[in-house]
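Take a look at the structure set out below.
A short reminder: the numbers here are calculations on the coordinates, not readings from a lab. Since we're looking at a predicted model, the values are computed, not measured. Note: ideal-geometry Cβ built from the backbone for every residue, glycine included; neighbour counts use all protein chains shown.
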Amino acid sequence: MPENTPKLAVKSDIGLHVYSAACSWHGPIENVGKTKTEPSIPCCPYCGMVLFQQEEEVWWAGALRHQENGHTNYEKFLRWSQEQPKCWPTLKEAAEAYKKETKNDVILGQ
Ligand SMILES: [Zn+2]
């Protein structure tokens with residue numbers, strides 16, 4: 001990792017989690033990129049997709065609930081994907097990368 005790469009936040013200081021309207025990216029609000037438009041708006045730091053936001057605790061509680069409802073490794077997959085320095089065009093593609101790298105299955109569900 002280059003020296004000038006900022007360390008990504010794992011948890012939001014203000015408790016907000018953001019997630020892409022289309023690509024697989026999500027993370028603490030501190031990690032957003034900015035569109036090149038004027039005025040700029042927060043976006044995925046890798047592809048520029050616009051974002052939704054949710055309280056961080058609500059986001060992770062929802063992910064855990066989804067996992068406990070039979071979607072194997074769902075929350076673990078989200079934690080893994082948050083650590084990756086990229087996004088995938090879809091969650092499905094991110095899940096395939098997760099399976100390949102970790103050798104664990106993940107069930108996304110609806
Ligand atoms: Zn993206």
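Quick look at the numbers
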| read-out | value |
| --- | --- |
| For Gly15, distant residues with modelled amide H under 5 Å away | none |
| Set Lys36/Lys100; Lys36/Lys86; Lys36/Lys76; Lys7/Lys86 screened for pairs whose C-alpha atoms are more than 24 Å apart | Lys36/Lys100; Lys36/Lys76 |
| Relative contact order (%) - criterion: Cα under 8 Å, at least six apart; region: the chain | 24 |
| Under 20 Å from the Cα of Lys11 - aspartates and glutamates, other chains or at least 8 residues apart | Glu30, Glu55, Glu56, Glu57, Glu75, Glu83 |
| Over region 16-102: Kirkwood hydrodynamic radius from C-alpha pairwise inverse distances, Å | 13.3 |
| For region 43-55, Karplus couplings with θ = phi - 60° (6.51, -1.76, 1.60), whole Hz, Gly/Pro x | 8, 4, x, 9, 10, x, 5, 6, 10, 9, 9, 8, 4 |
| Cα long-axis angle, helix 56-68 against the chain (0 to 90 degrees, to the nearest 10) | 20 |
| Selection from Ile14, Gly70, Val106 lying farthest towards where the dipole of the chain points positive, charges on Cβ | Val106 |
| Given charges at beta-carbon only (K, R positive; D, E negative), |dipole| of the chain in Debye | 300 |
| Rounded FRET efficiency, nearest 0.05, which uses the C-beta distance separating Leu8 from Glu93 and R0 of 25 Å | 0.75 |
| Alpha-carbon centroid distance for the pair region 17-68 / region 78-110, whole angstrom | 15 |
